[in-house]
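The structure appears below as structure tokens.
The values are calculated or read from the model by the stated rules, or taken from the named source; none is laboratory data. The shown structure was predicted, so the numbers you read here are calculated from the model rather than taken from an experiment. Positions of Cβ are backbone-derived with ideal geometry, glycine not excepted, and every protein chain shown enters the neighbour counts. To get the accessible areas, we keep the full protein, side chains included, count just its heavy atoms, and leave off ligands, DNA and RNA. Shrake-Rupley method; radii C 1.70, N 1.55, O 1.52, S 1.80 Å.
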Amino acid sequence: MIMKINLEDCDLAVQQFLAMLEKKGNIIIYNNGKPCCFIGEIDDFQEEVLSLSQNQEFIDYLAQCRQRSKTEGSLSFSEIQRRLESLDNTE
């Protein structure tokens, strides 16, 4: 469940936010009626995303892939799917 909190109406301490997070699971904080912050538990996937977003070697690899796709072109999802299906049919 996601709890919504309006920043203008809020005077909660961090400990109160954490207690609410344990009960509700996720919190969205609004500022002037617009969502501005999401507070939620971190799972393994989020830790992996954070780790990769700070890994310069991985970021460089993605940049190389983008550049290669611009110069050499890339395959559509449907083409990849067709090729994988043809491999399945030959086995």
Handout entry: Selection status of Leu21, of a type in the set (A, V, I, L, M) and more than 30 Å from Asp9 (Cβ to Cβ)
Key = no
Problem - In segment 38-52, the residues that are aromatic (Phe, Trp, Tyr) and modelled with pLDDT of 80 or more - result: Phe38
Practice task
May I ask you to say which residue of Gln81, Gln67, Gln15 is loosely packed, with under 10 Cβ neighbours inside 10 Å and polar (S, T, N, Q)?
Solution key: Gln15
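Okay, residues lined up against (1) surrounded by 10 or more Cβ atoms within 10 Å (Cβ to Cβ); (2) among the small types (Gly, Ala, Ser); (3) at pLDDT 85 or above:
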{"residue": "Leu21", "(1), (2), (3)": "yes, no, no"}
{"residue": "Gly25", "(1), (2), (3)": "yes, yes, no"}
{"residue": "Cys36", "(1), (2), (3)": "yes, no, no"}
{"residue": "Gln54", "(1), (2), (3)": "no, no, yes"}
{"residue": "Leu62", "(1), (2), (3)": "yes, no, yes"}
{"residue": "Leu75", "(1), (2), (3)": "yes, no, yes"}
Practice task
Look at Glu41 and say whether it is loosely packed, with under 10 Cβ neighbours inside 10 Å and either among the aliphatic types (A, V, I, L, M) or within 30 Å of Glu8 (Cα to Cα) (or both).
Solution key: yes
Fill in the blank from the handout: Of (1) open to solvent by 100 Å² or more (accessible area, probe 1.4 Å); (2) at negative phi; (3) over 20 Å from the mean Cα position of the chain (by Cα); (4) touching a residue at least 12 places away in the same chain (Cβ under 8 Å), Asn6 satisfies every one except (1)
